[in-house]
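**Student:** Would you mind keeping the following structure in view while I ask a few things?
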Amino acid sequence: MAAEQSANGLTNAHTPTFGLASGPITEVHAFWLAGMSCDGCSIAAVGAQQPSVEQLVSGSIPGLPKVVLHHPVLDVEAGEAFIKPYRLARDGKLGAPYVVIYEGSVADERIAAHHGGYWSAMGADHDASGQARPIPTAQWLSDLAPGAAAVMAIGTCATWGGIPAAAGNVTGSMAVMDLLGKDYVSALGLPVINIPGCSPVGDNFTETVSVVLMFLAGVGPLPEFDELGRPAWMFKGTVHNRCVRGGHYEEGVFAQNYGERECLVELGCWGPVVQCNIVSRGAIGHAGGCMNTGGICIGCTMPGFPDAFAPFYKAPPGKTISSLASRAVGSFIRPLRRITQRRSNLTARWNKTGQVPSGWGHVDASGPLFKAVTYFYRKLQYTGAYSPASERQRRLQAEAHSYIGESKRKIEEEAGI
């Protein structure tokens, strides 16, 4: 520690040290690869805010090194200048730790090669005759993965295969972990990390990058991932668990048309079984999100997407049983809650006068049935506990009432309260 002490007394003891480096480092390279992709994952990532890509690439997050992003669209370099760092990493000559980020499905390039072509490629090598041969991104993935500190699949196409791997496809598309295999671990011992979604929530991706870097840097614990490599703190719960419309399902009230505020299950929503956090986190900047804006869940974060959730906008078969059960329970629970809600919307003064002095609308006076139900409800509510206007309260307030209580009583009598 003494050797690290500077003239002003500060040290660099906090600086992260990666297992691939001999000492403290200041940057980590991130090699972005795109397979059978629509680039939606890239768009989602650059829209992230907590943290933002700008924070990662500028090194402004305390304790983390700067991320040097190599992206085929966002990079300022082009041609061989852009490809050079990829080649250095592939050949073990980069001289810095790196992570690999793959977007889009991994196509089976053997199929395309059989016809003399390729599915997805980036850069080119030259054969003995000088002929340029495009390098498939699947090949880049295979070459870069062994030396990577971590391999991250972003989006459902990369994590599970997604739409390009749907029934009837001719590309042989697969997930990143299908290509690398069950036994794959990175240079620092991590299996493939999966952040699904079509497109994924950008903050889910950048947050995962940050916590993984913290672990690799030795400044944080290994985050919890589930059995499929998803960040467990994001994907453990279902859409339904966090849905803003979930209370309607509980009471057995369902939307019959788009634009209605009730539960969307009968319109084709798969939220009760889909693991996703978009309703609680929102799409961008904690705003938007499918059910928040009236859309149904089509299961885009799940490994079975899209085939397991087709046809879209058709109610799931299980909704018949679950909806009937919810309606049965809700038909009993809902009226009880409305009674309690109405009681809670009345002040003690209004209960005495039997009038609600609101100019916004008419409020019916409490009838005998409502008063009877409320009476027994109060008895249950205050059993064994302190209750307003109880004998105990009167004893505690006796001194104050002896001073001004008589005046208050006379005024209330004159006002008819």
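The values are calculated or read from the model by the stated rules, or taken from the named source; none is laboratory data. Everything quoted here is computed from the prediction, not taken from an experiment. Here the Cβ is made from the backbone with ideal geometry for all residues, glycine too, and neighbour counts use every protein chain on show.
**Student:** Assuming residue 118 fulfils every condition listed in (1) surrounded by fewer than 22 Cβ atoms within 10 Å (Cβ to Cβ); (2) touching a Lys or Arg at 6+ places or on another chain (Cβ under 8 Å); (3) among the aromatic types (Phe, Trp, Tyr) apart from one, which condition is it?
**Tutor:** (2)
**Student:** I would also like to ask the following. From 220, 259, grab the single residue that is assigned by TED's automatic domain parsing to the domain that holds residue 207, more than 13 Å from the chain's Cα centre (by Cα) and farther than 22 Å from residue 322 by Cβ.
**Tutor:** After applying the criteria, what remains is 220.
**Student:** Please pick out the residue among 75, 125 that is part of a strand (DSSP E or B), on the phi < 0 side of the Ramachandran plot and at pLDDT below 95.
**Tutor:** Sole residue among the options that is part of a strand (DSSP E or B), on the phi < 0 side of the Ramachandran plot and at pLDDT below 95: 125.
**Student:** Something else now. Only one of 255, 325, 308 is under 30 Å from residue 370 (Cα atoms), among the hydrophobic types (A, V, I, L, M, F, W, C) and at pLDDT 90 or above; which?
**Tutor:** Step by step, each of 255, 325, 308 is checked, and only 255 is under 30 Å from residue 370 (Cα atoms), among the hydrophobic types (A, V, I, L, M, F, W, C) and at pLDDT 90 or above.
**Student:** Quick one: which helices (runs of 4 or more DSSP H) sit completely within the stretch 206-276 and have at least 2 residues that are more than 18 Å from residue 329 (Cα to Cα)?
**Tutor:** Hits in the stretch 206-276: 232-235, 239-242.
Residue by residue, here is whether (1) at pLDDT 95 or above; (2) outside the structural domain of residue 219 (by TED's automatic domain parsing); (3) touching a helix residue (DSSP H, G or I) at 6+ places or on another chain (Cβ under 8 Å) holds:
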residue	(1), (2), (3)
61	no, no, yes
64	no, no, yes
82	yes, no, no
103	yes, no, yes
133	no, no, no
165	yes, no, yes
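**Student:** Let me ask something else about it. Taking the criterion of being under 20 Å from residue 194 (Cα atoms) and in contact with a Pro (Cβ under 7 Å, 6 or more places away or on another chain), would at least one residue in the stretch 142-149 satisfy it?
**Tutor:** There is at least one residue in the stretch 142-149 that is under 20 Å from residue 194 (Cα atoms) and in contact with a Pro (Cβ under 7 Å, 6 or more places away or on another chain).
**Student:** Of everything in the stretch 21-34 that's farther than 16 Å from residue 197 by Cα and crowded, with 19+ Cβ neighbours inside 10 Å, which residue is modelled with the lowest pLDDT?
**Tutor:** 28
**Student:** So, in the stretch 359-386, exactly how many residues are in a helix (DSSP H, G or I) and in contact (Cβ under 8 Å) with a residue 12 or more places away in the chain?
**Tutor:** The total comes to 4.
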